[in-house]
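The values are calculated or read from the model by the stated rules, or taken from the named source; none is laboratory data. As the structure is a computational prediction, the values presented were derived from the model and not from experiment. So basically every Cβ, Gly included, is an ideal-geometry build from the backbone, and we count neighbours across all protein chains shown. Heads up: the accessible areas ignore ligands, DNA and RNA and are worked out on the full protein's heavy atoms, side chains in. Shrake-Rupley method; radii C 1.70, N 1.55, O 1.52, S 1.80 Å.
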Amino acid sequence: MMRSFLLWYVLLVQAFYGAWYSVGGSLHCEYSNSVILHRPHSVSITEFGAVGDGVTLNTKAFQNALFYLNSFSDKGGAKLFVPAGQWLTGSFDLISHLTLWLDKGATILGSTSSENWPVVDPLPSYGRGRELPGRRHRSLIYGQNLTDVVITGENGTIDGQGSVWWDWFRNGELNYTRPHLVELMNSTGLIISNLTFLNSPFWNIHPVYCSDVVVKNLTILAPLDSPNTDGVDPDSSTNVCIEDCYIVTGDDLVSIKSGWDEYGISYARPSSKIKINRLTGQTTSSSGIAIGSEMSGGVSDIYIKDLHLFNSNTGIRIKTSPGRGGYVRNVHVSNVKLHNVKKAIRFTGKYGEHPDENFDPKALPAIEKITFENVNGEDIGVAGLLEGIEGDEFTNICFLNVTLTVKKNSKKAPWKCSHVRGYSQWVSPEITCDSFEESIFPEHSSDCFGLSENNLEKSSGLSRSPWLLSW
């Protein structure tokens, strides 16, 4: 039995990792449904007394089903089937070697009673809850120290019913930081796909201290004024792929993080090797893609391609502050389309927001080697608001083939720069900041991340990366 399980697991690993590849300059993160989604054991949540009427609380049914399925974790894993219906529940824990399958018409509803969302310790890289000192509510779907977990289905829905949490937040009635919809910690081999996420109390999907994560074919929705309802937030995680998602929320669509001030510096767990492809969405309060502001463990090797953002506040933003420490380096952004966006590209060096008074203001972040290539925008308010930190310049910031049509009635300068240095070529409107040189080729090509000798003249897309080809 153990031998057969090991063979199955080897096939799983090959299917998962062997399917990351680069074709024609585009990065893909495919996986084999026939291997990864097949489980030799399957049960329905109804077999454990669950009632899909939207009223009956089914937390015990989910917990009991997963407890039972855990006995199959060394026998090829198991599938928990959630049929059509409204399945009200509080927080529950996942297990390894599991597929949680939401069938067409199935909705997992988060309870509107806070007592059904247990309170847990803060993340060590944050030192406290993100919005309140002390502990935090656990996510609706939670797991830690897991391997091989798939959350998928036929476009089923996970609805956090977050409006009650938003009201508590706005009215100052929270005792602990709000919960996410999905949080997986210290886990590897994760797939979240083919689902709709609605109305998260806080961030929607939060893989933290994880590796080898695929987030694919999701629709994530929350009201544009809902507070802090980030779409996908990879946090101190590596080898992450987010692609083919449509996200409209009240905060950043995707935000890459790695810990907060002295806690993140001490924990020292970076986010790296992250790919974001074919993302479409809207946010009127925040950014399409953000890095930070919690980036104290470091962020590197980030590839963002085919971003389409409309009627939004900011396109791409890097947020940091004195006291953060850490670094953001080796970021390549390409093939971006923006329409009616107030600020196309923004760097914020003095974001503020510290966990406590114990941060070191002399812990300065290193921001370097950020490349924007093939970016187009119409009805743009400001092309670039690039604000670094005095005495800690952001360096080797590169713009290649960037065309942003700024609104004619805008009274602001299209580019504003301070404590940021780099290079630009084929940029309109022209970057008039003295700290930017109007040339990349050939003398500064090595200073701009993501460019290669083969694609300089064509200003084409992503170069193949050794870490990607090694998978």
Charge context of G52, other residues only, Cβ under 14 angstrom, K/R +1, D/E -1
-3
Can you list residues whose amide H is under 5 Å from A363's amide H, if they're 5+ apart or on another chain and H is modeled 1.01 Å from N?
G323
State, as an integer percentage, the relative contact order of region 266-422 based on alpha-carbon contacts under 8 Å between residues 6 or more apart.
20
The ³J(HN,Hα) series, computed from each phi in region 250-263 with the Karplus coefficients 6.51, -1.76 and 1.60 at θ = phi - 60°, rounded to the nearest Hz and given as x for glycine or proline, is x, 7, 4, 5, 9, 9, 8, 10, 7, x, 10, 6, 4, 6
Go from 0 up to the bin containing the longest alpha carbon distance in region 276-358, width 5 Å each, and give me the % of pairs per bin.
4, 14, 24, 22, 17, 12, 5, 2, 0
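Could you work out the local net charge near L221, counting Lys and Arg as +1, Asp and Glu as -1, over the other residues with Cβ closer than 14 Å to its Cβ?
Neighbourhood net charge equals -4.
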Please label the shape of region 153-238 as rounded, prolate or oblate, based on the square roots a ≥ b ≥ c of the eigenvalues of the alpha-carbon gyration tensor (a/c under 1.5 means rounded; beyond that, a/b larger than b/c means prolate, else oblate).
oblate
By a straight-distance test (C-alpha under 22 Å), which lysines pair with K416 as possible cross-link partners, with residues fewer than eight away in the same chain excluded?
K319, K337, K342, K343, K350, K369, K407, K408
Can you give me the relative contact order of the chain as a percent, contacts being Cα pairs under 8 Å and 6 or more apart?
8
Please give the charge dipole size of region 336-435, origin at the Cα centre, charges +1 on K and R Cβ atoms and -1 on D and E Cβ atoms. Round to the nearest 20 debye.
620
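Using the Cα gyration tensor of region 191-291, with a ≥ b ≥ c the square roots of its eigenvalues, what is the shape: rounded (a/c below 1.5), prolate (a/b larger than b/c) or oblate (neither)?
It is oblate, given that a/c is not under 1.5 and a/b is not larger than b/c.
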Evaluate the charge dipole of region 80-181 about its Cα centre and quote only its size in Debye, nearest 20, assuming +1 on the Cβ of each Lys and Arg and -1 on the Cβ of each Asp and Glu.
320
Net charge within 12 Å of Y209 by Cβ-Cβ distance, Lys/Arg positive one each and Asp/Glu negative one each, not counting Y209 itself?
0
How high is the relative contact order of region 58-173, in percent, with contacts defined as C-alpha pairs under 8 Å that are six or more residues apart?
27
List the lysines whose Cα sits under 21 Å from the Cα of K60, skipping any in the same chain fewer than 8 residues away.
K79
Of the trypsin sites (Lys or Arg not before Pro) in region 35-115, those whose Cβ has at most 15 other Cβ within 10 Å and which sit in DSSP loop:
K104
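Give me the dipole magnitude in Debye, nearest 20, for the chain about the Cα centre, with unit charges on the beta carbon: positive for Lys and Arg, negative for Asp and Glu.
Using Cβ point charges on Lys, Arg, Asp and Glu, the chain gives about 440 debye.
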So for the chain, taking the charge dipole from beta-carbon charges (+1 Lys/Arg, -1 Asp/Glu), which of N58, G298, L338 sits furthest toward the positive end?
N58
Taking the Cα centre of the chain as the origin and placing charges on Cβ (Lys, Arg +1; Asp, Glu -1), which of I316, L94, A84 is farthest toward the positive end of the dipole?
A84
So with the 1.4 Å probe, I'd like the accessible area per residue for region 34-148, rounded to whole Å².
39
Mind running the shape call on the chain? Use the C-alpha gyration tensor, a ≥ b ≥ c as the square roots of the eigenvalues: rounded below 1.5 for a/c, prolate if a/b tops b/c, oblate otherwise.
prolate
So, by mean Cβ neighbours within 10 angstrom, what's the order for 244-254, 153-163 with the highest one leading?
244-254, 153-163
